[in-house]
Structures are given as C-alpha cells and as structure tokens.
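Have a look at the structure below, then the notes.
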Amino acid sequence: MPSEKDVLQALAGVKDPELGRDIVSLRMVDDVKVEGGKVTFTLNLTTPACPLRTRLEEAAKEAVKSIPGVEEVEMKTGSIVYATRDYANSDMLKGVKNIIAVASGKGGVGKSTVAVNLAVALAQSGAKVGILDADVYGPNIPLMMGVQGKAEVREDRIIPPIAHGVKVASLGFFYSEETAVIWRGPLVAGAVRQLLTQVEWGELDYLVCDLMPGTGDASLTLAQTVPLGGVLIVTTPQEVALNIAAKALAMFRRLNVPILGVVENMSYFVCPHCGEKTNIFSSGGGKRIAGERGVDYLGEIPLALSVREESDAGRPVVASLPDSPGAQVFKELAFRVAGMVSIVAYAKMKK
Ligand SMILES: Nc1ncnc2c1ncn2[C@@H]1O[C@H](COP(=O)(O)OP(=O)(O)OP(=O)(O)O)[C@@H](O)[C@H]1O
Ligand SMILES: [Mg+2]
C-alpha cells in the first residue's frame with residue numbers, strides 16, 4: 001500500500017518550469033490522504049491565472065498515478081497567490097498582495113485598454129482584483145469599465161464600486177469631465193497617494209494601476225509611495241514609441257521596480273474580410289527593445305475594431321466578447337503577467 005511519503009516523493013519529482021523548483025518544496029501540495037489504493041491531494045497554484053496550469057495539473061496527477069499500488073487519484077486544485085510585497089504598514093493596502101503598474105513612454109498606445117483587460121481577465125481566472133486609475137489628466141478607466149456616477153465615501157474612506165468583478169477607483173469619480181483642473185506636480189502626487197491610501201481595497205491578489213504616459217509625477221509618486229510588485233511596459237511598434245518606451249523602462253529600473261515585461265499593442269491588423277495580416281505600424285520593435293534591455297517580451301496584441309468599440313461602450317472585450325481573437329490574446333497576456341508576478345515574488349521569498 002502506498003504511503004503519504006511515497007506520494008510526496010512522487011510529487012517532488014514534478015517541477016514548476018517557471019520557478020525552477022519542485023512543487024512540494026514550493027508548498028504547492030497540501031492535504032495528502034491515502035486510503036488503500038486511493039490518493040487525494042490538493043495542488044495550490046501560485047496564481048489562479050497560472051499559464052502552465054493544465055501542464056502542472058496533468059504532471060502532478062500522472063506522478064501520483066505511477067506510484068505502485070495507486071488505483072485512484074483525486075486531485076483538487078486551488079491557488080494561494082504569492083505576494084511580491086508586504087503592505088502591512090499601510091492601513092488600506094494591508095490586504096493587497098501585488099501592485100502591478102501599467103506604463104508606457106508615449107501616450108495613446110493602449111495602456112488603459114491593456115490595464116482594464118488585464119484586470120478583468122485576472123478576475124475571471126478567480127483572482128481578487130482592483131484597478132486604480134492614476135491618470136489624473138484623463139481618467140478614463142470608469143468609462144472603459146462601464147462604471148457610472150460617483151464612489152461612495154464613508155468616514156474619509158472611499159468605497160470602490162465593482163465592475164466586471166473588479167474594484168474600481170479613479171479620480172474621475174470626483175470631478176466631472178467638463179471641469180478644467182490645473183494639475184501641478186504636488187497635486188498629482190497627492191491625488192495618486194489618496195487613491196492608494198483612502199480607498200478601501202480590502203483583500204486583493206492584484207491591484208492593477210493604470211499610469212499616465214511617460215515618466216511624470218504620477219509614475220514617480222506611485223513608485224515612491226509604495227513598493228511596486230512590477231511594471232508592465234506597453235508600446236506600439238513605431239520607432240518613436242519604442243524610443244520613449246525604453247526611457248520609461250529605464251526610469252522604473254532606476255526606481256528598483258521589477259520589469260514584468262514589454263507588450264506590443266496595435267501590433268498588426270487582421271482584415272475582417274480576407275484575413276490578411278498587416279503590420280500597420282511596422283513590427284518586431286517591442287521584441288527588440290525587450291531583448292536589448294534584457295527583459296521579457298510578453299507578446300503582441302492585434303489592432304482590432306472590437307477592442308476599441310467594446311472599450312468605448314464600457315465593456316472590456318475579455319468580458320463582452322471572450323471568444324474574439326483580441327480577447328484571447330488579452331487573456332494569454334494576463335496569464336503571462338500573473339506568471340511573471342509569481343516569479344518576482346518567488347525570487348523575493350528566496351532572499
Ligand atoms: N488593440 C487595440 N485595438 C483597437 N483599438 C485599440 C487597441 N488598443 C487601444 N485601442 C484604442 O486606442 C485608443 C487609445 O487607447 P488607450 O486609451 O487605452 O491608450 P492609453 O495609452 O491609455 O492613452 P493615454 O496615454 O491617453 O492614457 C482607445 O480609443 C482604445 O480603444
Ligand atoms: Mg490611458
């Protein structure tokens with residue numbers, strides 16, 4: 001009859017390819033029980049949006065099945081999200097495990113679109129997610145998430161509304177689009193800090209922060225107010241965008257923010273009539289920049305009419321058209337980002 005030890009030994013032969021260690025020493029295995037020839041155990045992934053989910057689940061199950069005497073394997077899967085940072089010192093952020101910033105060099109490259117779809121895709125995978133709109137000049141996250149009206153304020157605490165399973169906070173809740181606000185540096189910093197520290201975020205696996213373009217006050221404040229888990233750099237393939245993306249990347253590096261990777265948006269256009277792929281803004285630049293800077297390249301997102309249309313209507317495409325090619329790409333990206341966050345968290349745990 002197999003023993004619990006046999007099961008753990010077999011599972012210790014299964015490696016998480018991203019973290020480079022076996023799933024037992026990574027404490028991903030729990031609740032091992034052996035009753036006669038029947039083995040039950042739980043596999044806890046480091047994120048519900050695990051890019052290697054199926055592969056790991058199959059490998060774990062197979063490893064246990066191959067133990068002599070095992071007749072039946074019942075595997076439960078769950079997840080315990082790794083934390084890149086400990087925000088215990090912050091009243092409002094103490095339940096937050098990972099803050100992920102979405103940044104770019106140039107404006108209009110699709111940061112907000114990426115941030116929104118990333119947040120919703122992570123939430124769809126089962127993670128607890130929030131999105132913070134740190135764009136004080138054009139806070140359009142409420143529009144893209146389909147959130148209307150104002151946030152509820154209780155005793156100086158902002159209660160974030162929930163849309164598509166994601167907690168949303170934006171300065172857009174506090175002033176109307178028509179109001180011209182003159183934002184000087186200290187005001188920008190104050191506003192970003194307020195969203196971080198006055199919003200009742202509760203328990204979150206991921207807090208996605210949509211930044212303003214460039215290396216300005218909001219990005220600096222965010223990176224200097226709280227230690228970030230990592231930053232995702234969005235670029236388009238044109239040379240002008242790439243140059244500035246590289247500068248943004250360098251700034252976050254200087255601030256010791258882990259670079260999760262570079263993603264190239266509006267990479268190519270697929271003709272809805274004939275299916276031909278056109279690289280409107282050239283191609284391959286995002287990959288090149290990532291390679292030159294020694295960071296991961298997380299892929300390309302097509303220029304798709306549905307992405308723009310759904311965004312404008314307050315419906316992130318991963319939620320409204322989950323089977324569309326654009327949505328699929330965003331989901332894959334979200335899983336890669338979650339994987340990168342696990343890697344950063346694990347590297348920190350080892351230290
Ligand atoms: N992959 C895509 N396919 C089609 N349209 C897109 C795509 N990505 C972004 N867009 C559209 O491009 C416009 C700019 O995108 P978005 O607002 O996300 O960029 P941004 O980088 O956040 O801009 P800003 O610098 O002003 O904050 C929006 O209208 C958006 O719907
Ligand atoms: Mg934006």
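The values are calculated or read from the model by the stated rules, or taken from the named source; none is laboratory data. Bear in mind the structure is a predicted one, so any value in this text is a computation, not a measurement. Backbone-built Cβ (ideal geometry, glycine too); neighbour counts: all protein chains shown. Accessible surface is based on the protein model in full, side chains and every heavy atom, while ligands, DNA and RNA are left aside. Shrake-Rupley method; radii C 1.70, N 1.55, O 1.52, S 1.80 Å.
Working ranking of peptides 261-267, 151-157, 297-303 by packing, defined as the average number of other Cβ atoms within 10 Å per residue, highest first, is 261-267, 297-303, 151-157. For I131, the amide hydrogen comes within under 5 Å of the amide hydrogens of K167, V168, A169, V208, counting only partners 5 or more places away or on other chains and with H modelled in the peptide plane. Here the gap between S3 and L52, fully extended at 0.36 nm per residue and compared with their Cα-Cα distance, gives a gain of 14.8 nm. Each Lys and Arg adds +1 at its Cβ and each Asp and Glu adds -1 at its Cβ; summed about the Cα centre, the chain shows a dipole of about 940 debye.
The relative contact order of the stretch 1-69, computed from alpha carbon pairs under 8 Å that lie at least 6 residues apart in sequence, is 37 percent. This model, with +1 at the C-beta of Lys and Arg and -1 at the C-beta of Asp and Glu, gives the stretch 120-240 a dipole about its Cα centre of some 160 debye. Think of each Lys and Arg Cβ as +1 and each Asp and Glu Cβ as -1; about the Cα centre, that makes the dipole of the stretch 10-166 roughly 340 debye.
Can you tell me the alpha carbon radius of gyration of the chain divided by the globular rule-of-thumb value 2.2 N^0.38 Å? Don't jump to the answer; show the numbers that get you there.
Working: Rg = 21.5 Å, N = 351, 2.2 N^0.38 = 20.4 Å.
Here the Cα radius of gyration is 1.06 times the empirical estimate.
A convex hull fitted around the alpha carbon atoms of the stretch 135-289 yields 158 Å³ per residue. Per residue, the stretch 236-318 exposes 49 Å² of solvent-accessible protein surface, assessed with a 1.4 angstrom probe and all protein chains in place.
On the beta carbon distance between N243 and D86, with R0 = 35 Å, the FRET formula returns roughly 0.45. Here the chain has 50 percent of its accessible surface on carbon and sulfur atoms, given a 1.4 Å probe and all protein chains in place.
Given K33/K331; K61/K128; K33/K94; K5/K38, which pairs have Cα atoms separated by over 23 Å? Pairs exceeding the cut-off: K33/K331; K61/K128; K33/K94.
The residues of the stretch 1-48 expose on average 48 square angstrom of accessible surface per residue, using a 1.4 Å probe on protein heavy atoms.
Quote the FRET efficiency, to the nearest 0.05, computed for S66 versus L187 with a Förster distance R0 of 45 Å and r equal to the Cβ-Cβ distance. Mind dumping the intermediate values first?
Numbers: r = 63 Å, r/R0 = 1.39.
That pair, S66 with L187, gives E of 0.10.
Which trypsin sites (Lys or Arg not before Pro) does the stretch 1-48 hold that lie in a coil by DSSP with at most 14 other beta carbons within 10 Å?
R27
Compared with the direct C-alpha span, the chain from R253 to D323 gains 21.6 nm at full extension, assuming 0.36 nm per residue. Of the residues L207, P325, S311, the one whose Cα sits farthest toward the positive end of the charge dipole of the stretch 197-351, with +1 on the Cβ of Lys and Arg and -1 on the Cβ of Asp and Glu, is L207.
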